[in-house]
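S.K.: Below is one structure. I have some questions about it.
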Amino acid sequence: MNPVLAELHDKARAVLDPVHYDFFAGGVGDEIVLADNEAAFRRHALLPRVLRGKGNSAEFPVLISPTAFHKLAHPDGELATARAAEGTVLVSSMASTVPIADVVAAATGPVWFQLYLQPDPRVTEALVRRAEQAGCEALVVTVDSPVFGRHRRDIANEFHDLPSGLAAENMRDLAGVAGPRDIEMAAFSWQDVDRLRASTSLPVWLKGVLHPADAVLAVGHGVAGIFVSNHGGRQLDVVPAALDALPAVVKAVGGRVPLVLDGGVRSGGDIALALAMGASSVGIGRPVLWGLAADGEAGVHRVLGVLRDEFEHVLAMCGGELSHDMVVARC
Ligand code: FNR
């Protein structure tokens, strides 16, 4: 892990209520996937190319993945994250503690809206309108959560509800059918994705695809892109590390839509590995929360800054370009 990220993590742990720290840090089950997401990067290495005569002009291929309840990390909550994001795409969680319109107003770069489809289609519809009216540039539908993940830390801590004064603000006053804490899970199908696409002109991404056959279906159903993600090890503890799931999805999709790899990205080298293995960009979850808890907007800004700096350095070392033939197993 980049040492600045490690420092921010330590500071976050020190300042956060331990129950909230566990909510952010924890994973599902025995937390095998949580650990493996990071470990997977250590199982791969890059063979740099030399004498390519190329400079380093790459974009910063990082998005802020959606994470819930930023006001648990810092009183400014999602407003601080949005201000710090600058040009980085912020995927704002449906479960944010600031309404999406305020997140977009505070942001200086593009904001995408992460959506859990709701059992009552009127609620989904109202959320989509809110995201559109706020000025979000894409919808990211999270599909790996047919039921809530069982987080042992939260169960042991009896963390079931937000402290008073905080709420999932996007759920407020939804046509009188939902309360602020009424995000629900249910079984959805590809027809629901079709229906969503037909209801909006915004590009629709899917988040939480691991099986290559689902990636192919997603392309067939017209999605704009896919997050290859296991929800940061928070949904099912028998899945592969996100990075290990990536190659089969890359092969199946064959470049037809962009792929975001999220889970365990903690350094510029990790970003480079994911790109060399076929991701178009990566998403980061917990490091943003550590920056936010440690130092608000400045902390998130620092997280993005060190990753940008480290990625550019690694890319320059690799000859300015990353490709699959450069990836080898670390013995
Ligand atoms: C998440 N994640 C998540 N995903 C999503 O689609 N909607 C959400 O509301 C949340 N909330 C959330 C809360 C917390 C505390 C965490 C840690 C994660 C998953 C998130 O978008 C992303 O997939 C992972 O966090 C990526 O893994 P890393 O970078 O945290 O290892």
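S.K.: If I take all pairs of Cα atoms in the range 234-331, what percentage of them are more than 17 Å from each other?
M.R.: When all Cα pairs of the range 234-331 are counted, 57 percent exceed 17 Å.
S.K.: Right, something else. Order these peptides, 215-221, 319-325, 261-267, 205-211, by their mean beta-carbon neighbour count within 10 angstrom, highest first. Please list the in-between numbers first.
M.R.: Working: 215-221: 18.0, 319-325: 15.0, 261-267: 26.4, 205-211: 21.6.
Result, highest mean first: 261-267, 205-211, 215-221, 319-325.
S.K.: With charges only on Cβ, +1 for K and R and -1 for D and E, what is the dipole size of the range 256-318 about its Cα centre, in debye, rounded to 20?
M.R.: Numbers: 5 positive and 7 negative charges, 39 e Å.
The calculation lands at about 180 debye.
S.K.: Another question about this same structure. Which of the DSSP-defined H helices in the chain satisfy a minimum axial length of 30 Å, computed from C-alpha atoms, and a minimum mean Kyte-Doolittle hydropathy of 0.0?
M.R.: 286-317
S.K.: In nanometres, what is the gap between the two model label sites at THR108 and ILE32, each 7 Å from Cα along Cα-to-Cβ?
M.R.: In this crude label model, THR108 to ILE32 measures out at 4.4 nm.
S.K.: What net charge do the residues around HIS74 carry, taking every other residue with its C-beta under 9 Å from that of HIS74, with Lys and Arg at +1 and Asp and Glu at -1?
M.R.: -2
S.K.: Next up: Report, please, the projected area of the chain averaged over directions, based on the convex hull of its C-alpha atoms, in nm².
M.R.: For the chain, averaging the hull's shadow over all directions gives 16.0 nm².
S.K.: At ARG13 and MET317, where each label point lies 7 Å from the Cα along Cα→Cβ, what is the point-to-point distance in nanometres?
M.R.: Taking the simple label geometry, ARG13 and MET317 are separated by 2.5 nm.
S.K.: While we're here: Could you grab the Rg to Rh ratio for the range 59-159? Cα atoms only, Kirkwood for Rh. Can you show the working numbers first?
M.R.: Details: Rg = 14.2 Å, Rh = 14.4 Å.
Value, to two decimals: 0.99.
S.K.: Something else: Roughly what would the spin-label model give for GLN191 and ARG43, points 7 Å off Cα along C-beta, in nm?
M.R.: Between GLN191 and ARG43, the simple spin-label model gives 3.9 nm.
S.K.: Would you please name the GluC sites (Glu not before Pro) within the range 78-159 that are DSSP coil residues with at most 12 other C-beta atoms within 10 Å of their C-beta?
M.R.: Taking the range 78-159 and a limit of 12 other Cβ atoms within 10 Å, the loop GluC sites (Glu not before Pro) found are GLU158.
Each reported figure results from applying straightforward, stated rules to the coordinates on display, with no laboratory input. Only a predicted model underlies this, so the values are computations on that prediction, with no experimental measurement involved. With ideal geometry, Cβ positions are generated from the backbone for all residues, glycine too; neighbour counts draw on all protein chains shown.
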